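Following: one structure in structure tokens, then a few remarks.
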Amino acid sequence: MNSSDILVPHLPESVNTAQVAKWHKNVGDIVTIDEILVEIETDKIILEVPAISSGILHTIFEVQGSTVRSQQILGKIKNVKNVTKKSLDKIEKKISEKKELNDNQTLNKKINDTLSPTVRRLISCYNIKDFKFQGTGVNNRITPQDIEIYMNNKKKNNENNQIKYNVEKKINHTYERSTTKIKMSNLRKCIAERLLNVKKNTAILTTFNEVNMKPIIKLRQKYGEKFKEKYGVKLGFMSFYVKAVIEGLKRFPEINAMLDKDEIIQYHYYDISIAVSTSKGLVTPILRNANLMSMSEIEKKIKKFAIQANESKLKIEDLTGGNFTITNGGIFGSLFSTPIINPPQSAILALHNIKDRPVVIDNKICIRPMMYIALSYDHRIIDGKEAVGFLLSIKKILEDFNRIILHI
């Protein structure tokens, strides 16, 4: 048989195995070259495997949920030369039409050969296609009375099944205590392992502060429409957060660092990881050289990351590296949290929901849109003084964004 192998793509060096996430085709389906056949999930991203030739999906070796390795055979395609998608669809249509014609011819032959005109008329009227019952006439021929009895029984069975379904539904709704087992995806397993390793191998401490977000909100209200008209993207909060973090890292280089055995590596560039939630788990794509990006570039890139993450289109290089992570649980309504460091980084900033709260300003109680911020850091290489100072600088910048221009 002239066939082509469906192979697992080359996996990155740091990834040993992957998991078959979903087959888009079944055995016997017609496929065309470059059509996506199957999705492979690693601990970081989902890889799409296209057909390398047109033909028929002949065999599937690895089903959904199977663990596979680089270049492993997933299945086989029976090749069909010089066939386009249009012609394959035509072949499929002809096969379907031929099968339907044969079925109709068989049915018509059976009707014409054995049934009386009255019975044929009743069969046509009731649209009966099942001839598994025997007749009571001579030589077991079906009579008009047999048709009427059959239809009455069918109607009664349908009514009984509906009553049974309604009763079972009511019983299950009232008394059933069910559970569902869901196999963990590679991404979820990787997240679990990394979080446990961080808890075991780092000295995590979290410090907190709160920010009056009124100045940022006023800026967005004042320039939001003009910003969108000029750059084609909404002026969100995240570009302000990224700019504030970069300024804070410049002032406190101890935060922009990692521990490598008995050495501390300080970064002199600013690759900021942005936590993005997807249906399959949290991923952290990276804004590389974020200090060189404008606010519009930051907003566009984050929007692109969010779309790619939810469509499983992120690349390995989008997720590799990063010096510092920003996570915004506020978009889900979180008021307060203690984030866990994204290794091998040494710190992570958590932002939260902006809520109107009473605060004291100039000895007066005022209502302001306040947000709690939290910095989790590795106490082995970052002291409390630097952590608190860094978080305080974030607060001051967000409460007076002119500090970015003046670097004060």
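The values are calculated or read from the model by the stated rules, or taken from the named source; none is laboratory data. Here the structure is a predicted model, which means the values were calculated and not measured. No Cβ is skipped: glycine too gets one built from the backbone with ideal geometry, and neighbour counts run over all protein chains shown. Please note that ligands, DNA and RNA were not included when accessible areas were found on the heavy atoms of the full protein model with its side chains. Shrake-Rupley method; radii C 1.70, N 1.55, O 1.52, S 1.80 Å.
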Students often check this: by mean Cβ neighbours within 10 Å, which of 23-31, 321-329 ranks highest, and how do the rest follow? 321-329, 23-31
Let me know the charge dipole size of segment 202-355 about its Cα centre in debye, to the nearest 20, where only the beta-carbon of Lys, Arg (+1) and Asp, Glu (-1) is charged. 880
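Multiplying the sequence separation of Arg121 and Glu399 by 0.36 nm and subtracting their Cα-Cα distance, what value in nm do you get? Working shown, then result.
Working: separation 278, 0.36 × 278 = 100.08 nm, distance 8.40 nm.
Here the segment from Arg121 to Glu399 would lengthen by 91.7 nm.
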Violations at 23 Å Cα threshold for listed pairs Lys218/Lys250; Lys243/Lys396; Lys25/Lys303; Lys243/Lys304; Lys22/Lys234; Lys280/Lys313 -> Lys218/Lys250; Lys25/Lys303; Lys22/Lys234
Take the alpha carbon atoms of segment 268-313, find their center, do the same for segment 385-408, and report the distance between the two centers in whole angstrom. 23
Between the alpha-carbon centers of segment 44-64 and segment 181-199, tell me the distance in whole angstrom. 26
For segment 273-385, with only Lys/Arg (+1) and Asp/Glu (-1) charged at the beta-carbon, what is the dipole magnitude about the Cα centre, in debye rounded to 20? 160
The answer for chymotrypsin sites (Phe, Trp or Tyr not before Pro) in segment 244-317 that fall in a DSSP coil and have at most 13 neighbouring Cβ atoms within 10 Å is Tyr269
By how many nm would the segment from Lys250 to Asp356 grow when fully extended, if each residue of separation counts as 0.36 nm and the alpha-carbon distance is taken off? 35.0 nm
With a 1.4 Å probe and every protein chain left in place, tell me how much accessible area Val49 has, in Å² to the nearest 10. 10
Along segment 279-289, Karplus-curve 3J(HN,Hα) (6.51, -1.76, 1.60; θ = phi - 60°) to the nearest Hz, with x for Gly and Pro, reads 5, 9, x, 8, 10, 10, x, 10, 8, 7, 6
